[in-house]
Amino acid sequence: LLIAILTSVTLMTTLAMGHRSHGPMPVAGSSALPAFRNPSLPLQERIDDLMSRLTLDEKISLVQDTTPAIPRLGIAAYNYGNEALHGVVRPGTATVFPQAIGLAATWDPDLVKKMADAISDEGRAKNNWYAGRVEIPYSGLLTFWAPVVNVAHDPRWGRTQETFGEDPYLTGRMGVAYVEGLQGGDAKYLKAIATPKAFVAYSQESNRFSANAVISEEQLHNYYLPPFRECVVEGHAESVMSAYNAVNGVPCTASRWLLTDVLRGVWGFKGYVVSDCGGVANLFHAFHDVKSEEQAAEAALDAGLDLECGHLFKAHLLPAVQQGLVSEQILNRAVANVLLGRFLIGEFDPAGQVTFSRIPESVNGSPQHVLLARQLARESIVLLKNGKVDGRPLLPLNAASVHSIAVVGPSAAVCRFGDYSGNPANPPVTPLAGIRTRAGARIAVMLIPWAGELSPIPSEYLTTEKGSQGLRGEYFDDDRLEGKPKEARVDQQVNFADWGDTTPVNTLFGPQYSVRWTGQLNPRVSGDYELGMKVDGEAHLYLDGEKFVEGFTGSPAKTVPLRAGRSYSVRLEYFHHKDPDRGIRLVWKPPEEGLEQVRQCDVVIAVLGLSTDIETESKDRTTLALPPEQQDFIQRLVQANPHVIVVLENGSAMAIDWLQEHVPAILESWYPGEEGGAALADVLFGDYNPAGRLPLTFYASDAQLPPINHYDITEGRTYMYLGQLPLYPFGYGLSYTKFRYENLQLSPKDTDATGIVRASVDVENVGPYDGDEVVQVYVHQEKSNDQLPHQQLKAFERIHLKSGERRTITLPLPVANWARWDVQKNAFIVNSDPYAVWVGTSSADIRLKEQVRVSNTETGDLWCPTHVSDSRTGQK
């Protein structure tokens, strides 16, 4: 009872202070409005009024992720949990930006903030346009389950691609930028709600529903928690998602220490906590931590959970209340926290008063957002190697002297977006398409189709009846291909692997639909082709009018002889009945053409890497190595033509020592989004000087890593504790130009734990190209031991310098941010030993060093790297 009273008082006090600035707003006729509908009233009064009107059943309905309507109060249904990791996922189409790991490689939080701002613009625009017509679950356009701010302790984790890498400081800066951009800067309303996830130490897919992360108290505070802390304390995230796993034996979804003591008590979180999908039920079914579903509801709510993604509350929360397991006071707390978010997005206010209700649908996939996607993709590309060929670096390509290019590899003619990707509002640009456009008519660009496995058929082998490249797609609003299609368009490829809880076009509103693609298949080489589809759902493939293969969820395919120069009629029908139907890909495995053609080409560009068939949610990688068929292919390719540029598309670190030794040039482009092919061409031809930096260590081999379920990073994980030479270090990345560092100055050189050291350094572009440099500042404690990291990133800045330009860069280093958790003192402590400040271009390329002495280890408030004003309270 005391806890319930204190919780209620805390909530009332916080809201009375003003969760955001809420001044009087007279509304014509407002006296006739129920209090909760009156924008001129204080927010707490409005929440209290609505709470007083709700029945017990209605309260329970409001803490479920798919919230039904309450017609008697005029409250519409709301579906929580849309995704927006790198673009709005559902429904319909949106701009697809680079995957999160690529965003981290930009080391450019300002640009990531612009991207998140664009994403929430598109979410608001969709919300304004759809006006509640969407019937699919998890389609809320103002509440997004992103960003992922778990640190990737092991690069084999299948969801590393969704993270900002291995470093807590870099992850925190990117996470704050995303949260601030998504939620907007309005004084009264949130443009959308960000949900940093998954709290905390979620970092493996194997046994993820019942995994137990055993982590020392020091590492939990120093490594795993900080990015969440920054998103809450500095970014003011309105929501947080709890993780599936347990930490030291306690499931996160039922951890009062995490969800109440730390999140609310220490960090001051004022929003709502949502479970990962099925996380509450896992307390009973996976962890066996409770004896019934009702006890699972009790454990989660008592710990501090407010909203469930799943179905347990719907069936078992009312019995839990009736049995006295869950008090109505605890339920009221959860309902109030959830309603707070809905008030802040303006759901209960007149649309004309909500700033963002006027964002037009035209922003969705707008030219400005396409340019932003291209710039992010450019900035994410990391130049890993640029060796000399015939006496000069192979990159950038000289368009005047290159006459022929061969583009090869499994990702050459495919756009790979990564997990939690939406459907692009504009035609996506493959590496092949980007290179061809930039090369122009003077340079011959030849594609050699990938023959290593079933893969999407490239668009240049498909034509519509009118001769356009691709297939004609007709989209129907039922799952029977009946009536008139709601939309018809030309799809460059049928490569839609993640439709799931969404709709592929803007004109479909329900969870059931169907699509028919028609056109011609035009093989270039005669021989035996394996032809079929990869499908989740129901699909039928017809070849020359005859049914060729059909299936439900699988990879039905058959071998068929095809002749070069002949066109074959293709019809593919797909029926999306409901979730978990995921999507459809039209695939083939052509006969191998051999590598004779590449011998005569001036340059070969091999686009290799991974895909969501190898690394994804629910699937960890078993190795850091390239897939065997790609390793064999690249070795034969280099023998045929040594002028090879390898472009990697993947979501995590790879062990590519053979490539480093034998291939002249290597680019890492991650999963680069819809403009990835154009950005790649910009870099290849020198229109853009690459400056991406690795957000995680590229280990030399699997042997350098402990088992994935070992969470102790002192075992040799990350750049902070790796005792061996990596293949490429954290922060690494080359440029077409060179930079000189001089004159490192620290001020002051003697300070205390509450001080701020300012590090200034002169950086000069001494090379022939304009370009970006990422200035990185690391701190090293001089009197170190095995439990202390070798070094830690504490500041960075991406800058642009013209050739010959010199600039002084000054970066603030709050000493409090150097503190580490002391178990005995139960506090963060800055040791009084000397510290070294290292400045360089990567964790392994330190150019300058200076020393700072720290006295007085009393740290004060350490829950944020810098003391910033709270935009909601005006306090510090």
TODO: Select from the range 296-317 the residues that are out of contact with any Phe, Trp or Tyr (no Cβ under 7 Å at 6 or more places or on another chain) and not hydrophobic (A, V, I, L, M, F, W, C) and list them in ascending order.
DONE: Glu298, Asp302, Gly304, Glu308, Gly310, His311, Lys314, His316
Open item on the list: So, in the range 420-457, exactly how many residues are free of Cβ contacts under 8 Å to residues at least 40 places away in the same chain and under 31 Å from the mean Cα position of the chain (by Cα)?
Closed with: 1
Task: Residue check, Thr553 within 21 Å of Glu538 (Cα to Cα), modelled with pLDDT of 95 or more and surrounded by fewer than 16 Cβ atoms within 10 Å (Cβ to Cβ) - done: no
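Can you tell me which residue is surrounded by the fewest Cβ atoms within 10 Å (Cβ to Cβ) among those in the range 377-395 that are within 33 Å of the chain's Cα centre (by Cα), hydrophobic (A, V, I, L, M, F, W, C) and part of a strand (DSSP E or B)? Can you show your working first?
Kept after step one, since they are within 33 Å of the chain's Cα centre (by Cα), are these residues of the range 377-395: 377-387, 394-395.
Filter once more, keeping what is hydrophobic (A, V, I, L, M, F, W, C): 377, 381-384, 394-395.
Imposing the further condition that a residue be part of a strand (DSSP E or B) reduces the set to 382-384.
Working: Val382: 25, Leu383: 22, Leu384: 24.
Within the range 377-395, the match that is surrounded by the fewest Cβ atoms within 10 Å (Cβ to Cβ) is Leu383.
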Task: Filter result (among the polar types (S, T, N, Q), touching a helix residue (DSSP H, G or I) at 6+ places or on another chain (Cβ under 6 Å) and either open to solvent by 40 Å² or more (accessible area, probe 1.4 Å) or not in a loop (DSSP other than H, G, I, E, B) (or both)) within the range 681-726 - done: Thr714, Gln724
- [ ] Determine whether His221 is touching a Ser or Thr at 6+ places or on another chain (Cβ under 7 Å) and at pLDDT 95 or above.
- [x] no
Open item on the list: From the list Tyr202, Tyr138, exactly one residue is farther than 24 Å from Gln776 by Cβ, among the hydroxyl-bearing types (Ser, Thr, Tyr) and surrounded by fewer than 24 Cβ atoms within 10 Å (Cβ to Cβ). Which is it?
Closed with: Tyr138
Task: Those residues of the range 727-749 which are farther than 24 Å from Arg798 by Cβ and open to solvent by 70 Å² or more (accessible area, probe 1.4 Å), in sequence order - done: Lys749
Open item on the list: Out of everything in the range 396-427 that is among the polar types (S, T, N, Q) and open to solvent by less than 20 Å² (accessible area, probe 1.4 Å), what residue ends up being farthest from Gln368 (Cα to Cα)?
Closed with: Ser411
Open item on the list: Here's a check for you: in the range 504-528, which residue that is open to solvent by 10 Å² or more (accessible area, probe 1.4 Å) and in a strand (DSSP E or B) is nearest to Tyr420 (Cα to Cα)?
Closed with: Arg516
- [ ] Tell me which residues, restricted to the range 770-780, are assigned to a strand (DSSP E or B) and either under 17 Å from Gly692 (Cβ atoms) or open to solvent by 20 Å² or more (accessible area, probe 1.4 Å) (or both).
- [x] Gly771, Asp772, Glu773, Val774, Val775, Gln776, His780
- [ ] Starting from the range 62-77, take each residue that is part of a strand (DSSP E or B) and list its partners that are basic (Lys, Arg) and surrounded by 14 or more Cβ atoms within 10 Å (Cβ to Cβ), counting only C-beta distances under 7 angstrom and pairs at least six apart or across chains.
- [x] Gln64/Lys314
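Are any of the residues in the range 190-209 assigned to a helix (DSSP H, G or I) and not polar (S, T, N, Q)?
The answer is no, given that none of the residues of the range 190-209 is assigned to a helix (DSSP H, G or I) and not polar (S, T, N, Q).
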Task: Residue list for the range 557-595, restricted to those being buried (at least 19 other Cβ atoms within 10 Å of the Cβ) and assigned to a loop (DSSP other than H, G, I, E, B) - done: Asp581, Pro590
Task: Enumeration of residues in the range 113-135 that are among the acidic types (Asp, Glu), open to solvent by 10 Å² or more (accessible area, probe 1.4 Å) and under 23 Å from Tyr189 (Cα atoms) - done: Asp117, Asp121
- [ ] Go through the range 786-796 and give me each residue that's of a type outside the set (Lys, Arg) and either assigned to a strand (DSSP E or B) or farther than 27 Å from Thr697 by Cβ (or both).
- [x] Gln792, Leu793, Ala795, Phe796
Open item on the list: Tally up the residues in the range 90-112 that are part of a loop (DSSP other than H, G, I, E, B) and open to solvent by 10 Å² or more (accessible area, probe 1.4 Å), please.
Closed with: 2
TODO: Among the residues of the range 169-187, write down those that are open to solvent by 10 Å² or more (accessible area, probe 1.4 Å) and either touching a Gly at 6+ places or on another chain (Cβ under 8 Å) or modelled with pLDDT under 95 (or both).
DONE: Glu180, Gly185, Ala187
TODO: With the checklist (1) farther than 19 Å from Val852 by Cβ; (2) in contact (Cβ under 8 Å) with a residue 40 or more places away in the chain; (3) open to solvent by less than 40 Å² (accessible area, probe 1.4 Å) in hand, flag the one item Ala827 doesn't pass.
DONE: (2)
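Quick check on Leu331: is it open to solvent by less than 10 Å² (accessible area, probe 1.4 Å), of a type in the set (A, V, I, L, M) and more than 27 Å from the chain's Cα centre (by Cα)?
yes
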- [ ] Scan the range 727-769 for residues that are over 32 Å from the mean Cα position of the chain (by Cα) and outside any strand (DSSP E or B) and report the count.
- [x] 8
TODO: Would you tally the residues in the range 797-824 being in contact with a Lys or Arg (Cβ under 8 Å, 6 or more places away or on another chain), in a strand (DSSP E or B) and surrounded by 15 or more Cβ atoms within 10 Å (Cβ to Cβ)?
DONE: 4
Open item on the list: Tell me whether the range 434-446 contains one or more residues that are within 24 Å of Gly532 (Cα to Cα), modelled with pLDDT of 95 or more, outside any loop (DSSP other than H, G, I, E, B) and not charged (D, E, K, R).
Closed with: no
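Which residue out of Gly387, Gly409 is modelled with pLDDT of 95 or more and either among the aromatic types (Phe, Trp, Tyr) or on the phi > 0 side of the Ramachandran plot (or both)?
Gly409
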TODO: Among the residues of the range 458-497, count how many are closer than 13 Å to Pro427 by Cα, in a strand (DSSP E or B), among the polar types (S, T, N, Q) and in contact (Cβ under 8 Å) with a residue 24 or more places away in the chain.
DONE: 1
- [ ] Could you tell me whether any residue of the range 398-408 is more than 28 Å from Pro729 (Cβ to Cβ), part of a helix (DSSP H, G or I) and either without any contact (Cβ under 8 Å) to a residue 24 or more places away in the chain or not acidic (Asp, Glu) (or both)?
- [x] no
TODO: Kindly list, by first and then second residue, each pair from a residue in the range 221-232 that is closer than 13 Å to His153 by Cβ and open to solvent by 10 Å² or more (accessible area, probe 1.4 Å) to a residue that is in a helix (DSSP H, G or I) and of a type outside the set (A, V, I, L, M, F, W, C), limited to pairs with Cβ atoms under 9 Å and residues at least 6 apart or on different chains.
DONE: Asn222/Pro168
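The values are calculated or read from the model by the stated rules, or taken from the named source; none is laboratory data. The model shown is predicted, which means the values in this text are computed figures rather than measured ones. So basically every Cβ, Gly included, is an ideal-geometry build from the backbone, and we count neighbours across all protein chains shown. All accessible areas refer to the heavy atoms of the entire protein, side chains included, with ligands and DNA or RNA removed. Shrake-Rupley method; radii C 1.70, N 1.55, O 1.52, S 1.80 Å.
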